[in-house]
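Chemist: Encoded as structure tokens, here's the structure I'll be asking about.
The values are calculated or read from the model by the stated rules, or taken from the named source; none is laboratory data. Note that the coordinates shown come from a computational prediction; the quantities given were computed from them, not determined experimentally. Heads up, the Cβs are rebuilt from the backbone with ideal geometry, glycines too, and the neighbour counts pull from every protein chain shown. Calculation scope for accessible area: heavy atoms of the full protein, side chains included, ligands and nucleic acids excluded. Shrake-Rupley method; radii C 1.70, N 1.55, O 1.52, S 1.80 Å.
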Amino acid sequence: VTVNPLPVIGAGADQVVCEGTSVTLNGSGGVSYVWNNGVTNGVAFTPAVGTMTYTVTGTDANGCVNTDQVDVTVNPLPVIGAGADQVVCEGTSVTLNGSGGVSYVWDKGVMNGAPFIQAAGTMTYTVTGTDANGCVNTDQVNVTVNPNPVVNAGPDQTACANELITLSASGSANLTWDNGVTNNVPFTQGPGTTTYIVYDTLVTGCFDSDTVTVLVHSLPTIWASDVTVCEGSEATLAGNGAVLYSWSNGVTNNTPFVINETETFIVTGTDINGCSDTASATVFVNPAPDAKFKILNMNLTTSNSATGFDNLSTGAVSYLWNFGDATQSSNDFEPFHTFPYNNGGEYEITLTATSEFGCVDVAIKYVHVFQDYTIYVPNAFTPNDNGQNEIFKPVMEGFDEDKYTLYIFNRWGDLVFESHDMEVGWDGKFAKQNFEVQDGVFTWKIEAGLKGSADSKIFVGHVSILK
């Protein structure tokens, strides 16, 4: 009898796998194998969670049979959690944390526990978690990012004190300002710089804000000095405290103007910031005196060149007389004055009357001092070379030597002599023919201008030649 040894049947090494993992059992040491629990040798199957012992019965070529066992342990998959879905506002960081494992891998570049910023919209993130057994499972979470409102507080503003300011922000209907400001409602701000914040909140709870700065300049301090002038004279008003000035009633800053009665003017001054304020100035007008006088003697001559004056001025307390003849002026109320008696001429008399306020008025009149004149013309002369009464020469005083002409005519009207020099007389000769005329009566004519005057005189007479 031949006794064959039993085959050494092998079921393989024990296996540990994760839930859902297929297992393949392969016997060894025989030519055929039969497994219990419905397993087929070399055919994969998926065991349930837990530990199961599988027995293989192997038969060798001699028909001898033996068995072996193998344990298959199936660890359950971890329960991986991606966390609750999140809803945040734009710009808010999001942090995803896996749970149920010992390590986690997220898709879309996310790192477990590391914050990140997502663009507006909804995104699904998947986490793959691994437990201590190396088993892996996944979970997903949705992150919704709601957009923030787009709010604009508007441009920065500059204003002047007491000027209304209006802040107009753009955004949703839920705009609110700090500092008690209401959108599109005017308000005032004290001098200085203030920053205002506007908030905009959507129904999603998302909000945004923007700021605007308002600079309010103080008003300039404007002042102008009162002015006192005399009636009819010029006044000049000057504003201070600004760079530009505008006056009421057509007045121009620092430009003289004529005024006749007391009046108050308003000046508006504007500084380099464009801010304006006002001030007032009064021009006090003192009454001007009325200078008047009368010349008592208007028929003055070089021999009678003195006259008095009637002072008819009103509203004056002092007087200054200038007589136009280079003599000393007078402060008398009604002076008596003697004009030059050596020459006639016209003189300008000026009366300056001054009031108690220092206001002045001037009156001007003219007086003419006529030149007195005398003329002596002989009626005969004897040009006989005896040294006596040889020349016919008139004697004249008060006449202008440069305005003198002497004519001598014979009885037929012929011009026998002419002289333009008072010192040159007629010697009895016919000047043009240089011979002595016969005795007889000749006609003379003198044209002469008065000294210091435009007046001239003409004299005609007869002279006899006796030899």
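Chemist: Quick one: if the Förster radius is 60 Å, what FRET efficiency do Asn37 and Thr204 give, using the C-beta to C-beta distance and rounding to 0.05? Please report the intermediate quantities before stating the final value.
Modeler: Numbers: r = 58 Å, r/R0 = 0.96.
The value I calculate is 0.55.
Chemist: A further question on this structure: From largest accessible area down, sort Trp177, Trp412; use a 1.4 Å probe on the protein chains.
Modeler: Ranked from most to least accessible, the order is Trp412, Trp177.
Chemist: Could you give the length gained by full extension between Asp156 and Glu436, i.e. 0.36 nm per residue of separation minus their alpha carbon distance, to one decimal place?
Modeler: Here the segment from Asp156 to Glu436 would lengthen by 89.0 nm.
Chemist: In addition: Express the carbon and sulfur contribution to the solvent-accessible surface of the chain as a percent, rounded to the nearest whole number, probe 1.4 angstrom.
Modeler: Carbon and sulfur atoms account for 50 percent of the accessible area of the chain.
Chemist: So, for the chain, what is the accessible surface per residue at a probe of 1.4 Å, expressed in square angstrom?
Modeler: Numbers: 25460 Å² over 467 residues.
Counting only protein heavy atoms, the per-residue value for the chain is 55 Å².
Chemist: Additional query: Specify which labelled value, from (1) 38.7; (2) 22.1; (3) 23.9, agrees with Kirkwood radius over Cα pairs in Å derived from the coordinates of the model shown.
Modeler: (1)
Chemist: Still on this structure, please answer the following. Out of all DSSP beta bridges in the chain, what portion is antiparallel? Express it as a percent rounded to 5. Don't skip to the answer; put the middle values down first.
Modeler: Values: 115 of 135 bridges.
Once the DSSP bridges in the chain are tallied, antiparallel ones form about 85 percent.
Chemist: Moving on. Residues of segment 180-195 with backbone nitrogen within less than 20 Å of a virtual label 7 Å along the Cα-to-Cβ line of Ser218, please, listed as ranges.
Modeler: So the set is 188-195.
Chemist: Using the Karplus curve 6.51 cos²θ - 1.76 cosθ + 1.60 with θ = phi - 60°, work out ³J(HN,Hα) for each residue of segment 75-92 in order, rounded to whole Hz, and write x for Gly and Pro.
Modeler: Listing the rounded values in order: 7, x, 5, x, 8, 8, x, 8, x, 6, 4, 10, 10, 10, 9, 3, x, 7 Hz.
Chemist: Another question, if that's okay. Using 0.36 nm per residue, how much length does the chain from Thr278 to Val1 gain when fully extended, once their Cα-Cα distance is taken away? Spell out each step's value before the answer.
Modeler: Values: separation 277, 0.36 × 277 = 99.72 nm, distance 14.32 nm.
That works out to 85.4 nm of additional length.
Chemist: Additional query: Starting from 0.36 nm per residue, how many nanometres of slack lie between Asn254 and Ala44 once their C-alpha separation is accounted for?
Modeler: Contour length minus Cα-Cα distance gives 64.3 nm.
Chemist: Let me ask something additional. With labels modelled as points extended 7 Å from the Cα through the Cβ direction, what inter-label distance (nm, one decimal) is found for Asp421 paired with Ala114?
Modeler: Reported label-point gap for Asp421 and Ala114 is 13.5 nm.
Chemist: Here's another thing I want to ask about it. Just to be sure I understand: of the beta bridges DSSP finds with both ends in segment 284-415, what percent are antiparallel, rounded to 5?
Modeler: 95
Chemist: Given H placed on each backbone N at 1.01 Å, which residues far from Gly239 in sequence or on other chains put an amide H within less than 5 Å of it?
Modeler: Counting only residues 5 or more places away or on other chains, the set is Asn254.
Chemist: Something else about it: From the backbone phi of segment 317-325, what are the Karplus-calculated ³J(HN,Hα) couplings (6.51 cos²θ - 1.76 cosθ + 1.60, θ = phi - 60°) in whole Hz, Gly and Pro given as x?
Modeler: 10, 8, 9, 9, 9, 10, 9, x, 10
Chemist: On a 1.4 Å probe surface of the protein chains, which of Phe370, Phe459 comes out largest in accessible area, and what is the full order?
Modeler: Details: Phe370 85, Phe459 40 Å².
Ranked list, largest accessible area first: Phe370, Phe459.
Chemist: Using Cβ-Cβ distances only, list the Cys residues of the chain with no partner cysteine under 4.7 Å, sorted by number.
Modeler: Cys64
Chemist: Could you put Tyr319, Tyr245, Tyr366, Tyr376 in order of accessible surface area, largest first, with the 1.4 Å probe and the full protein assembly present?
Modeler: Tyr376, Tyr366, Tyr245, Tyr319
Chemist: Using a Cα-Cα cut-off of under 29 Å, which lysines could be cross-linked to Lys403, ignoring same-chain neighbours fewer than 8 residues away?
Modeler: Candidates past the 8-residue exclusion: Lys365, Lys393, Lys429, Lys432, Lys445, Lys451, Lys457.
Chemist: I want to check the label-to-label distance for Val65 and Gln328. Put each point 7 Å from Cα in the C-beta direction and report it in nm to one decimal.
Modeler: Taking the simple label geometry, Val65 and Gln328 are separated by 17.6 nm.
Chemist: Tell me, what ³J(HN,Hα) does each residue in segment 132-145 have, in order and in whole Hz, if you take phi through Karplus 6.51 cos²θ - 1.76 cosθ + 1.60 with θ = phi - 60° and put x for Gly and Pro?
Modeler: 5, 8, x, 7, 10, 8, 10, 8, 10, 9, 9, 10, 10, 10
Chemist: Which value, in Å² rounded to 10, gives the accessible area of Leu175 with a 1.4 Å probe and all protein chains present?
Modeler: Leu175 exposes around 40 Å² with every protein chain in place.
Chemist: Out of all Cα-Cα pairs in segment 82-215, roughly what percent, to the nearest whole number, are more than 26 Å apart?
Modeler: Cα-Cα pairs of segment 82-215 separated by over 26 Å account for 48 percent.
Chemist: At a probe size of 1.4 Å, how large is the accessible area of Glu90, to the nearest 10 Å²?
Modeler: So the heavy atoms of Glu90 present about 80 Å² to solvent.
Chemist: Solvent-accessible area of Leu215, probe 1.4 Å, all protein chains present, reported in Å² to the nearest ten, please.
Modeler: Estimated to the nearest 10 Å², Leu215 gives 60 Å².
Chemist: Over segment 149-198, what is the relative contact order in whole percent, taking alpha-carbon pairs under 8 Å and six or more residues apart?
Modeler: Reported relative contact order: 40 percent.
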